[in-house]
1. How high is the relative contact order of segment 91-149, in percent, counting Cα pairs under 8 Å that sit 6 or more residues apart?
2. How large is the dipole of segment 79-196 about the Cα centre if only Lys and Arg carry +1 and Asp and Glu carry -1, each at its Cβ, rounded to the nearest 20 debye?
3. Helix 77-88 against the longest principal axis of the chain: what's the angle in degrees, Cα atoms only, rounded to the nearest 10?
4. With +1 on each Lys and Arg Cβ and -1 on each Asp and Glu Cβ, how big is the dipole of the chain about its Cα centre, in debye rounded to the nearest 20?
5. Which whole-number percent is the relative contact order of segment 193-324 (Cα, under 8 Å, 6+ apart)?
6. What is the angle, in °, between the Cα long axis of helix 253-262 and the longest principal axis of the Cα atoms in the chain? Nearest 10 is fine, range 0 to 90.
7. Calculate the FRET efficiency for residue 37 and residue 154 from the Cβ-Cβ distance with a Förster distance of 41 Å, rounded to the nearest 0.05.
8. Do any of 316/340; 129/279; 51/316; 51/102 go past 31 Å between their Cα atoms, and which?
Amino acid sequence: MSDSILSFSSEKKGIVTSKTTSMDISSDMVSLRPTRFKDYIGQTDTVETLKIAIAAAKIRNEPLEHILLHGPPGLGKTTVSHIIANEMEKEMTVTSGPTLEKGGDLIGILTNLGEGDILFIDEIHRIPKVVEEFLYPAMEDFAVDFIFDKGIHARSHRYRLKQFVLVGATTRVGLLSSPLRDRFGIFRTLDFYTVEELTVIVNRSAKLLKTRISERGALELSRRSRGTPRIANRLLKRVRDYSLVKSDGRISRESVRAALDLEGIDTLGLTSLDRNYLKTIIDFYSGGPVGIEAIAATLQEETDTLVDVVEPFLLKIGLVLRTSSGRKASEKAYQHLGLKS
Ligand code: ADE
């Protein structure tokens with residue numbers, strides 16, 4: 001194989017977002033993300049499945065099977081993947097479906113992976129079809145097929161890859177083709193965290209940020225974090241600033257309430273986009289049922305944002321209902337917004 005054929009560069013225009021070893025992660029002192037399963041809170045069944053798979057792979061001295069992680073944004077798909085890499089003591093290369101435009105983009109990455117290394121592809125449902133075709137033999141046979149020339153001169157060469165582990169993350173598993181989905185040995189859906197789990201996470205994060213927080217402050221913050229650690233950690237930083245400037249730096253229930261009211265986060269953790277989504281269904285479409293495209297057009301928002309970011313939590317807490325004829329606002333949604341149904 002000549003070097004020129006292998007000169008597909010993954011360094012090009014940010015296709016590889018990051019390449020990390022466990023050292024890189026653990027040396028980041030203020031990272032709130034856990035780097036090992038022992039520090040990871042919640043998703044107990046998923047964590048147990050992964051721990052068993054990792055332990056078995058270590059006993060057999062084999063790489064893990066490919067892993068597909070599904071769930072709304074902010075629940076820890078990337079974090080879990082980093083932890084897997086750390087627990088396996090392997091490197092992880094991070095990329096995402098939309099940045100892989102051509103087959104060569106993926107080949108450049110694949111040919112640089114070491115034995116057992118992790119390739120994390122975020123938003124894997126957005127990988128172009130031409131790139132996906134290269135993934136099949138890569139995942140199944142650890143090989144990529146190069147085609148040289150065209151027509152009657154076409155020749156192919158099979159290039160062997162190291163046995164890597166693909167961790168795919170998606171908010172929309174339904175958009176994955178079945179041949180791709182079927183090539184993952186482990187498939188787990190991450191669910192929203194309970195308030196109790198978020199409270200533990202908030203207390204852990206506050207400690208890492210060297211910030212004092214009252215029990216009731218941590219509870220209030222957790223209640224308003226949409227079941228999502230990423231949101232809890234982001235809001236914790238806002239509340240921490242607020243408490244430092246407006247009081248003695250200690251986070252109390254009162255400072256959480258005041259800071260989050262200022263952020264437009266309500267008692268259920270809803271943002272202005274969440275509330276506008278519900279108000280659109282109620283005010284413009286008499287409470288529904290209404291199609292998602294109509295809601296998106298009225299709100300002038302991307303349909304994907306509504307489906308991936310807004311709806312999962314509203315469905316989870318029962319403010320919106322999905323019926324065969326469209327979305328409906330629930331009685332609870334009217335009550336929460338102080339409207340008459
Ligand atoms: N920070 C973000 N997600 C976390 C989790 N699941 N456990 C502990 N800390 C976290």
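A short reminder: the numbers here are calculations on the coordinates, not readings from a lab. A quick note: this is a predicted structure, and the numbers were derived from the prediction, not measured. For neighbour counting, all protein chains shown are included, and Cβ atoms are generated from backbone atoms with ideal geometry for every residue, glycine included.
1. 42
2. The dipole of segment 79-196 has a size of about 460 debye.
3. Once rounded, the angle reads 50 degrees.
4. Computed about the Cα centre, the dipole is about 940 debye.
5. Taking the mean separation of contacting Cα pairs over the length of segment 193-324, I get 19 percent.
6. Helix 253-262 sits roughly 70 degrees off the main axis of the chain.
7. On the way: r = 48 Å, r/R0 = 1.16.
Approximately 0.30, to the nearest 0.05.
8. Numbers: 316/340 22 Å; 129/279 38 Å; 51/316 27 Å; 51/102 34 Å.
Violating the 31 Å limit, Cα to Cα: 129/279; 51/102.
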